[in-house]
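The values are calculated or read from the model by the stated rules, or taken from the named source; none is laboratory data. Quantities reported herein were computed from a predicted structural model and do not represent experimental measurements. Heads up, the Cβs are rebuilt from the backbone with ideal geometry, glycines too, and the neighbour counts pull from every protein chain shown.
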Amino acid sequence: MSDNHDVNYKKIYFWLLGLLVVSVAGPFLGIGWVTLLTAFGIALVKANLVIQNFMHLRWEKKLVKWLLMSSLILMALFVAGVAPDVMNHEGNNWVNVAAQAAVERGLSDEQSEGGEAPDGGTEVAAAEPGVFSPVAQFNLICALCHGTAGDGIGVGGAAFDSPPGNFTDPVFWETRDDERIKTAIRDGGAAVGVSANMAPWGALFDDAQLDEMVEYVKSFRPQGQ
Amino acid sequence: MSFPKPQATLRSATGIPTGRLAVWWLIASEVVIFGGLLGSYLMHRLGHPEWADAAAHTNTWIGAFNTFVLLTSSFTAVLAHKAAEAGDGKKAAKLLVLTMGGAVTFVLVKSAEWAYEISHGYTITANNFWSFYYTAAGLHALHVIAGAIIMGIIAADAYRGRELQRVELIGIYWHFVDVVWIFLFPLLYIAK
């Protein structure tokens, strides 16, 4: 309260408005690096004006500056640690198939729709019948809980009270038929009276694709059953 | 019924009034929350070229208008602080109410913007860009709403000349909310 800071707040405010106009005008030039500079360079300048003059950080004790700096360093550590994984989709002996597929899907989706609004991203997978593969879909979605071998041992399933269905177990098949498996995939476990942890996936597949998924699940069934 | 006056806002073991130090602590933790969220957004944006197509559908003019609203409300908040320092509680309260007006305008514009986008199919599940868009802007909007409510309580006190030191504290928080938006604006609206 006793701090007496001689700041011309009105002047700072008009500077902020002027910078806002520049940041909006920047992209109209259509030059990539100018847009980046007017968008993010000016955001830094604006934030600094507010922090120093409105929040009075300039006159604050060092303690506060160290406190804020620590937070920023923690944030930078987080970004530096995660960025190599998120920003690269392949490297030495590894490929992030899901991320590459997401890029491809997103780009082709946008072109085919001519800039129209998406009706929900989950339908994208079903919109390309030419590339539909029940094995790939199973490994991408189902295997998380049911395991790539269909034995009910997947990392995601370990957290559930009731274990995910084990398609290699003869007992499992005693109570299953095609229609019931199809319903479970489409409407979720609750629809067939088993655990609701089995989510409904009907939005992802059309009817023919559901049948293909059922066939693939049945391929895990032990011989002679 | 009477309570002893809390010392937190008056005592100052560090040379910084303890109430103000607490606000700085709050902001330090908020930096990590918003920093983590915006950092994740930035990484994904750079790693996924298809996000640019999704981002092209946000409306820069609405974003710019809301930036203007928040900058202006920051201006009135700092003027409220100045009035409180001069001991003029009534003036500080009026300026805080103006600041709350900015908060209400911001939230109304944002609601209209979201309603338009959602009705056109750009929902939180449409793709990862829109998930980030609604999460980041939504978390920020919650901060705007919380700030406006606290500001109302402080303005009511300040009008009666009580707890004037709190005007500065809500001001610091409000400027932080402004700073977050200063970064959200280019991230979500300008960079197409």
Return the residues of segment A:187-216 that are in a helix (DSSP H, G or I) and in contact with a helix residue (DSSP H, G or I) (Cβ under 6 Å, 6 or more places away or on another chain); say none if nothing qualifies.
A:Ala191, A:Val192, A:Leu210, A:Glu212, A:Met213, A:Val214, A:Tyr216
So B:Gly19, is it among the small types (Gly, Ala, Ser) and either over 19 Å from the mean Cα position of the chain (by Cα) or crowded, with 19+ Cβ neighbours inside 10 Å (or both)
yes
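So that you can scan it fast, the table gives a plain yes or no per residue for (1) assigned by TED's automatic domain parsing to the domain that holds A:Gly150; (2) closer than 15 Å to A:Gln137 by Cβ; (3) charged (D, E, K, R):
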{"residue": "A:Val171", "(1), (2), (3)": "yes, no, no"}
{"residue": "A:Glu174", "(1), (2), (3)": "yes, no, yes"}
{"residue": "A:Arg186", "(1), (2), (3)": "yes, yes, yes"}
{"residue": "A:Gly193", "(1), (2), (3)": "yes, no, no"}
{"residue": "A:Trp201", "(1), (2), (3)": "yes, yes, no"}
{"residue": "A:Asp207", "(1), (2), (3)": "yes, yes, yes"}
{"residue": "A:Leu210", "(1), (2), (3)": "yes, yes, no"}
{"residue": "A:Met213", "(1), (2), (3)": "yes, yes, no"}
Candidate set: segment B:112-164, residues that are aromatic (Phe, Trp, Tyr) and assigned to a helix (DSSP H, G or I); chosen: the one surrounded by the fewest Cβ atoms within 10 Å (Cβ to Cβ):
B:Tyr116
Do we find that B:Arg160 is at pLDDT below 95, within 14 Å of chain A (Cβ to nearest Cβ) and over 15 Å from the mean Cα position of the chain (by Cα) in this structure?
no
So B:Trp51 clears everything in (1) surrounded by fewer than 24 Cβ atoms within 10 Å (Cβ to Cβ); (2) at the interface with chain A (Cβ under 7 Å from one of its Cβ atoms) except one condition, right? Which one?
(2)
Okay, helices (runs of 4 or more DSSP H) sitting entirely in segment A:3-108 with 1 or more residues that are closer than 21 Å to B:Val78 by Cα and touching a Pro at 6+ places or on another chain (Cβ under 9 Å), I get A:42-49
